[in-house]
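Worksheet: the structure to be examined is printed underneath.
The values are calculated or read from the model by the stated rules, or taken from the named source; none is laboratory data. Since the model is a prediction, treat every value here as computed from it, not as a measurement. Positions of Cβ are backbone-derived with ideal geometry, glycine not excepted, and every protein chain shown enters the neighbour counts.
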Amino acid sequence: MAQTEGVPKGLWIKCNACREILYHREVSGNLDVCPRCGYHFRISASRRLDLLFDNQRYKKFFSRVRSTDPLAFVDTKPYRDRLKVYNRKFSGSDSVVVAQGEIEKQCAMVAAMEFGFMGGSMGSAVGEKIARAIERCLDKKLPLIIISASGGARMQEGILSLMQMAKISAGLARMRDRHLAYISILTDPTTGGVTASYAMLGDVNIAEPGALIGFAGPRVIEQTIRQKLPEGFQRSEFLLEHGMLDLVVERHELKTTVARCLKYFH
């Protein structure tokens, strides 16, 4: 939509679902949920942490863990150049931010994925930061919450990114052996190797409404099996109906629901 003369940039936003033109401040004040149809806009990792932790207070960990370019990967531009751009934009956080704080007075570790950083792709740095979060949970006897928003494993790191699936899954198995809670929150989108590993391994798997969740994309599946997919396929409500999720929870109720789960596992 063209910018109207005299109207400040960013004043209005169009809903991706109902296509209504909305006042940006109204949407932001509604936790970035469309007040007309309930569509959940994608939000940043920092916004996730602010909404989840009490009084928006938390301590970040492992911020110095950053991706490198072990394969000297080049597509339309060198991977190392892409990393420089994203590191400047996101202050070197890579595509996950790890923090510790309280959720309704219950201490927890949270790893929130940042979709804006290369589509939330999972590379070696993401795997290392989540693995270190797990180690801290084991050491301090804390529950872990991972908020997924990812296109999957980062292709620029090849097999090194795929290795993170096993690395994180093994750590989560250790948490389960120690009877420490792991809550997985799946948001739009959660796909690829993230879905195939830690996103679906929670003691409780919670998704936001309408989130795209799956391994391969719908077009790839249709071309492979040569069949038309059901309506709503790979959306959170479809997965809940078919037993792949425990809960679908609106953003307004997410903190309360997570806190209730933590109390149950305490």
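Evaluate the following for ARG42: is it surrounded by 14 or more Cβ atoms within 10 Å (Cβ to Cβ), assigned to a loop (DSSP other than H, G, I, E, B), basic (Lys, Arg) and at pLDDT below 95? Judged against the criteria, ARG42 is not a match.
Quick grid of which residues meet (1) in contact (Cβ under 8 Å) with a residue 12 or more places away in the chain; (2) not acidic (Asp, Glu):
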{"site": "ALA207", "(1), (2)": "yes, yes"}
{"site": "GLY214", "(1), (2)": "yes, yes"}
{"site": "GLU222", "(1), (2)": "no, no"}
{"site": "ASP246", "(1), (2)": "yes, no"}
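Per the listing THR191, THR257, the residue uniquely farther than 29 Å from GLU104 by Cα, assigned by TED's automatic domain parsing to the domain that holds ALA170 and touching a residue at least 40 places away in the same chain (Cβ under 8 Å) is THR191.
A residue that is surrounded by 14 or more Cβ atoms within 10 Å (Cβ to Cβ) and assigned to a loop (DSSP other than H, G, I, E, B) occurs nowhere in region 75-89. The set of residues in region 174-188 being free of Cβ contacts under 8 Å to residues at least 60 places away in the same chain and either outside the structural domain of LYS255 (by TED's automatic domain parsing) or closer than 15 Å to GLY152 by Cα (or both) consists of LEU186 alone. For VAL65, the requirement of being in a loop (DSSP other than H, G, I, E, B), touching a residue at least 40 places away in the same chain (Cβ under 8 Å) and of a type in the set (A, V, I, L, M, F, W, C) is met.
Determine which member of the set GLY171, GLY158, GLY210 is assigned by TED's automatic domain parsing to the domain that holds PHE117 and under 17 Å from the mean Cα position of the chain (by Cα).
Numbers: GLY171 fails: under 17 Å from the mean Cα position of the chain (by Cα); GLY158 fails: under 17 Å from the mean Cα position of the chain (by Cα).
Exactly one of GLY171, GLY158, GLY210 is assigned by TED's automatic domain parsing to the domain that holds PHE117 and under 17 Å from the mean Cα position of the chain (by Cα), namely GLY210.
Scanning for something β-branched (Val, Ile, Thr) and touching a strand residue (DSSP E or B) at 6+ places or on another chain (Cβ under 6 Å), does region 210-227 turn up at least one residue? Scanning region 210-227, I find at least one residue that is β-branched (Val, Ile, Thr) and touching a strand residue (DSSP E or B) at 6+ places or on another chain (Cβ under 6 Å), so the answer is yes.
The condition of being surrounded by fewer than 19 Cβ atoms within 10 Å (Cβ to Cβ) and among the hydrophobic types (A, V, I, L, M, F, W, C) holds for only one of LEU201, LEU172, that being LEU201. Modelled with pLDDT of 95 or more, part of a loop (DSSP other than H, G, I, E, B), among the aliphatic types (A, V, I, L, M) and exposed (fewer than 12 other Cβ atoms within 10 Å of the Cβ): does that describe ALA72? Taking the combined requirement at face value, the residue satisfies it. Among residues of region 86-105 that are among the hydroxyl-bearing types (Ser, Thr, Tyr), those with a beta-carbon under 8 Å from a residue that is surrounded by 17 or more Cβ atoms within 10 Å (Cβ to Cβ) and part of a strand (DSSP E or B) at least six positions away or on a different chain give the pairs SER95/MET113; SER95/MET122; SER95/SER150. Suppose the filter is surrounded by fewer than 18 Cβ atoms within 10 Å (Cβ to Cβ), modelled with pLDDT under 95, touching a helix residue (DSSP H, G or I) at 6+ places or on another chain (Cβ under 7 Å) and of a type outside the set (Asp, Glu); does GLY217 pass it? No.
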